[in-house]
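Colleague: Quick one: the structure is below, questions incoming.
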Amino acid sequence: MSKPVQAVKASMSNPKAWVVIGLTVAGIVILAETHRRRRKGKRRANAIREDFGAFVEKFELLPFPQPPPPALKQPLAGLSFAIKDIFDVKGYVAGFGSSGWAETHEAAGKTAVVVTALLKNGAKCVGKTVMDELAFGMTGENTEYGTPVNPKMPSHIPGGSSSGSAVAVAAELVDFALGTDTTGCVRIPASFCGILGYRPSHGAVSTVGVLPNSPSLDTVGWFARDPSIFCRVGHVLLQLKTIEPRRTRRILFANDLFQLSKVPVPKFKYIVTQTVEKLSGYQPPKHINFGQHIASSVPSLKGFREQSTNHQNGISALKALSSAMLSLQRCEFKTNYEDWVDSVKLRFRPHTTACVQTAISTSTENIKTLYKIRSEMRAALHDLLKEDGILVIPTIADPPLALNMKKRSFAEFYDRALTLLSISSLSGCCQATIPLGNHDDFPISISFIAFHGADKFLLDTVSDMYSSLQEQASIVSSSLPLPDTNGDMDASELLKEKGNAAYKGRQWNKAVNYYSEAIKLNETNATYYCNRAAAYLELGCFRQAEEDCSRAISLDKKNVKAYLRRGAARESLLCYKEALQDFKHALVLEPQNKYASTAEKRLRKLLS
């Protein structure tokens, strides 16, 4: 036996040699895996640079041939579109935003009705886009396929669940894109990416060949940058008539809902008012308290409402509405997917896991009540809007959240968002999201809502108003000038007393006017601001009430009423943490204050 072989045999009998060999092999495996992941990461990075990470899969579905003359040119000829990974395409698996779903389902035998309709009308489909897993979520994040990059704010979320479709349009990769909207899945990404988005009347666009999340809430929506393309796509999908008699339009501005927005209310009011004044066929905007209308018109919400003080009734009703919407979504998801979830035992990302587990454990006993709420909501909106009304609301209250924020609290963000989004979802009414440029460097938008079935009326309104809205948005100032003062103390006290008398007589608008005149004469009196805040609270003008109380506190650090009223305003604005701090301040100043004590306990429980 040769010496080299003897040396090898000797070394193999040594345990230390095996350790060295094991470590060497492990090192090689680790290096190979690291290299593979780097290659995969580079491919993903290159893909993101090319398409902003919007696509799950790219392919081409060519449009149907153009009919010979004298047939008219196809309305969508020459346009490209993408579809959310929730639509069936023959020969492809609709992935539902989850590899686990894709692996447990077969390729579709037919293409979704809406996709076929677009192909028949001349458009070309170029691929499927990223979405939130199982259509649960409003951030647009997907850890498995990657989060699409918001072209307007790359370091922030694109919004979801139809995130990839919105990004593909905003990044000018396609002319338009399809998404689905259940609880805001088109409206949120449209707003965050600064493009047009549409949620049609429930049932107006076919959902055949579309994976359901909650059939009573699901709609097929779309995105576009150009208002002409936006409306042309709508005419195709909704099969609308090309001519409809011109109607006068009533614009209803939901004051209480704009209080939830982080954008100054005067900015929105100015843009809408100036636009309406420049156009013919529009009545001057009417300002309403939408929450109070719902509180009085949807009695079945009673079981979902929390205890609240009188001035919170409107917002309380809308919070109850969002709670009912989520309950309905969970009940129907459970009906559709409980067996699949139990059989596959898949692991989802934490947010999806929480949504799925909550849905599967939901009781369906109150499903009839939820359907009744849906019917009452539709009737309430029709009663308010009738045949000629357009409800104007903020699409979403907050700017896009930053990506990868650690220990962030979604509670307030979700509550404020769902309060606004539940209106169309539960009523089934149609809603258009319209970009209005930027505020503090983030995209902002408003939404127009028309009654169920009024899609042609709403699309015509968007087409009519769009250019004027953009013009006014580009020139409007984000703040209004403060009133002048002349320091007349005696007159200001008299005005304050008149304001107090009007307040006691429940004439709150008149009280606000008196207190405002008193403030013009004396800007350094904390009581005037605090009293006006009380009147604003009764009117549902929570943002103004918060601002007045903050001013009062800056003038008088020991003003207990200002802390209490600001706390009430912030709670109504769903800013629970800030409200809790205000009630704590009030308790420090007045430890026996029962209102502050009760509010503090309520908010602690809510935040926990």
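Colleague: Would you grab the residues whose amide H sits under 5 Å from the one on Leu401? Only those 5+ places off in sequence or on another chain, please, with H modelled 1.01 Å from N.
Modeller: Ile157
Colleague: Further question: What is the angle, in °, between the Cα long axis of helix 350-360 and the longest principal axis of the Cα atoms in the chain? Nearest 10 is fine, range 0 to 90.
Modeller: Relative to the chain, helix 350-360 is tipped by roughly 80 degrees.
Colleague: To continue, here is another question. With the crude spin-label approximation of a point 7 Å out along Cα→Cβ, what separation in nm comes out for Lys73 versus Gln239?
Modeller: Between Lys73 and Gln239, the simple spin-label model gives 2.6 nm.
Colleague: Taking a ≥ b ≥ c as the square roots of the Cα gyration tensor eigenvalues, with a/c under 1.5 meaning rounded and otherwise prolate when a/b beats b/c, else oblate, which class fits segment 294-417? Don't jump to the answer; show the numbers that get you there.
Modeller: Details: a/c = 2.02, a/b = 1.35, b/c = 1.49.
Since a/c reaches 1.5 but b/c is at least a/b, the shape of segment 294-417 is classed as oblate.
Colleague: What does the convex hull of the Cα atoms come to per residue for segment 499-538, in Å³?
Modeller: It comes to 48 Å³ per residue, whole-number rounded.
Colleague: Provide Val341, Val205 ordered by accessible surface of protein heavy atoms (probe 1.4 Å), highest first.
Modeller: Details: Val341 25, Val205 5 Å².
My answer, sorted largest first, is Val341, Val205.
Colleague: Mind ranking 521-527, 564-570, 511-517 by how tightly packed they are, going by the mean number of other C-beta atoms within 10 angstrom, highest first?
Modeller: Values: 521-527: 18.4, 564-570: 27.0, 511-517: 21.9.
Packing proxy ranking, top to bottom: 564-570, 511-517, 521-527.
Colleague: First obtain the Kirkwood hydrodynamic radius of segment 217-302 from its Cα pairs, then insert it into the Stokes-Einstein equation at 25 °C and 0.890 mPa s, and state the resulting D in µm² per second as a whole number.
Modeller: Numbers: Rh = 16.4 Å.
After rounding, the answer is 150 µm²/s.
Colleague: Right, something else. Relative contact order of segment 523-607, please, whole-number percent, based on alpha carbon pairs below 8 angstrom and at least 6 residues apart. Mind showing how you got there, number by number?
Modeller: Working: 108 pairs, mean separation 19.3, N = 85.
Answer for segment 523-607 is 23 percent.
Colleague: Please state the shape class of segment 255-298: rounded when a/c is under 1.5, otherwise prolate if a/b exceeds b/c and oblate if not, all from the C-alpha gyration tensor. Provide the component values of the computation, followed by the final result.
Modeller: Details: a/c = 4.31, a/b = 1.42, b/c = 3.03.
Oblate, because a/c is 1.5 or more while a/b does not exceed b/c.
Colleague: So, one more: Can you tell me which of 538-546, 597-605, 112-120, 142-150 comes out highest on packing, and rank the rest after it, using the mean Cβ neighbours within 10 Å?
Modeller: Result, highest mean Cβ count within 10 Å first: 538-546, 142-150, 112-120, 597-605.
Colleague: Between Leu62 and Ser554, how high is the FRET efficiency from 1/(1 + (r/R0)^6) when r is the Cβ-Cβ distance and R₀ = 56 Å? Nearest 0.05.
Modeller: On the way: r = 65 Å, r/R0 = 1.16.
The pair Leu62/Ser554 has a calculated efficiency of 0.30.
Colleague: Still on this structure: Taking one equal scatterer on every alpha-carbon of the chain, how large is log10 of I(q)/I(0) by Debye at q = 0.06, 0.12 1/Å?
Modeller: -0.38, -1.23
Colleague: If one takes the longest principal axis of the Cα atoms in the chain, at what angle in degrees, from 0 to 90 and to the nearest 10, does the Cα axis of helix 3-12 lie?
Modeller: Tilt relative to the chain: about 40 degrees.
Colleague: Moving to a separate point now. Describe numerically, in nm with one decimal, the distance between label points set 7 Å from Cα along Cα→Cβ at Leu589 and at Lys286.
Modeller: Here the answer is 4.0 nm between the modelled labels.
Colleague: Can I ask one more? Quick one: Debye curve from the alpha-carbon atoms of segment 166-253 only, equal weights, vacuum; give me log10 I(q)/I(0) at q = 0.10, 0.12, 0.23 Å⁻¹ to two decimals.
Modeller: Calculated log10 I(q)/I(0) at the listed q: -0.28, -0.40, -1.17.
Colleague: Report the extension gain between Lys510 and Glu387 in nm, rounded to one decimal, defined as 0.36 nm multiplied by the number of residues separating them, less their alpha carbon distance. Let's see the in-between values first.
Modeller: Numbers: separation 123, 0.36 × 123 = 44.28 nm, distance 3.22 nm.
The Lys510-Glu387 span can extend by a further 41.1 nm.
Colleague: Grab the beta carbon distance between Thr358 and Ser463, set R0 = 25 Å, and tell me the FRET efficiency rounded to 0.05.
Modeller: Details: r = 41 Å, r/R0 = 1.62.
Efficiency computed from Cβ-Cβ geometry: 0.05.
Colleague: Let me ask you something else. Tell me, what is the FRET efficiency for Met405 and Glu338 to the nearest 0.05, using R0 = 25 angstrom and their Cβ-Cβ distance as r?
Modeller: Working: r = 33 Å, r/R0 = 1.31.
The value I calculate is 0.15.
Colleague: Same structure again: Kindly express, to the nearest 10 degrees and within the range 0 to 90, the angle between helix 576-589's C-alpha long axis and the longest C-alpha principal axis of the chain.
Modeller: It is inclined by approximately 50 degrees.
Colleague: Let me ask something else about it. Calculated from DSSP H runs of 4 or more alone, at -39500 (n - 2.57) each and per residue, what is the 222 nm mean residue ellipticity of the chain, nearest 500? Don't jump to the answer; show the numbers that get you there.
Modeller: On the way: 22 runs with 312 residues, N = 608.
Calculated at 222 nm, the ellipticity per residue is -16500 deg cm²/dmol.
Colleague: Another question, then. Give me the extension gain from Ser99 to Glu578: residue separation times 0.36 nm, minus the current Cα-Cα distance, reported in nm with one decimal. Could the numbers behind the result be given before it?
Modeller: Details: separation 479, 0.36 × 479 = 172.44 nm, distance 4.05 nm.
Extra length from Ser99 to Glu578 when fully extended: 168.4 nm.
Colleague: So how far, in whole Å, is the C-alpha centre of segment 396-468 from the one of segment 548-608?
Modeller: Centre-to-centre distance over Cα atoms comes out at 30 Å.
Colleague: Explain nothing, just the number: relative contact order of the chain, from Cα pairs under 8 Å at least 6 residues apart, as a whole percent. Can you show the working numbers first?
Modeller: On the way: 1162 pairs, mean separation 69.5, N = 608.
Answer for the chain is 11 percent.
Colleague: Order these peptides, 245-251, 182-188, 331-337, by their mean beta-carbon neighbour count within 10 angstrom, highest first. Before the final figure, lay out each step's value.
Modeller: Values: 245-251: 13.7, 182-188: 30.1, 331-337: 19.9.
Final packing ranking: 182-188, 331-337, 245-251.
Colleague: In the chain, carbon and sulfur make up what percent of the accessible area (probe 1.4 Å)? Spell out each step's value before the answer.
Modeller: Values: 14690 of 27480 Å².
After summing per-atom areas, the C and S share lands at 53 percent.
Colleague: From the square roots a ≥ b ≥ c of the eigenvalues of the alpha-carbon gyration tensor of segment 523-607, which class results: rounded (a/c under 1.5), prolate (a/b over b/c), or oblate? Don't jump to the answer; show the numbers that get you there.
Modeller: Numbers: a/c = 2.07, a/b = 1.31, b/c = 1.59.
Since a/c reaches 1.5 but b/c is at least a/b, the shape of segment 523-607 is classed as oblate.
Colleague: Further question: Can you tell me the accessible area per residue over segment 523-607, all protein chains present, probe 1.4 angstrom, in square angstrom? Please list the in-between numbers first.
Modeller: Details: 3800 Å² over 85 residues.
The answer is 45 Å² per residue.
Colleague: Another question about this same structure. Hey, got the dipole for segment 237-290? About the Cα centre, +1 on K and R Cβ, -1 on D and E Cβ, debye to the nearest 20?
Modeller: About 100 debye.
The values are calculated or read from the model by the stated rules, or taken from the named source; none is laboratory data. Since we're looking at a predicted model, the values are computed, not measured. Cβ sites come from the backbone with ideal geometry, for glycine too, and all protein chains shown count toward neighbours. Ligands, DNA and RNA are stripped out before the accessible areas are found, and what is left, the full protein with its side chains, is counted by its heavy atoms. Shrake-Rupley method; radii C 1.70, N 1.55, O 1.52, S 1.80 Å.
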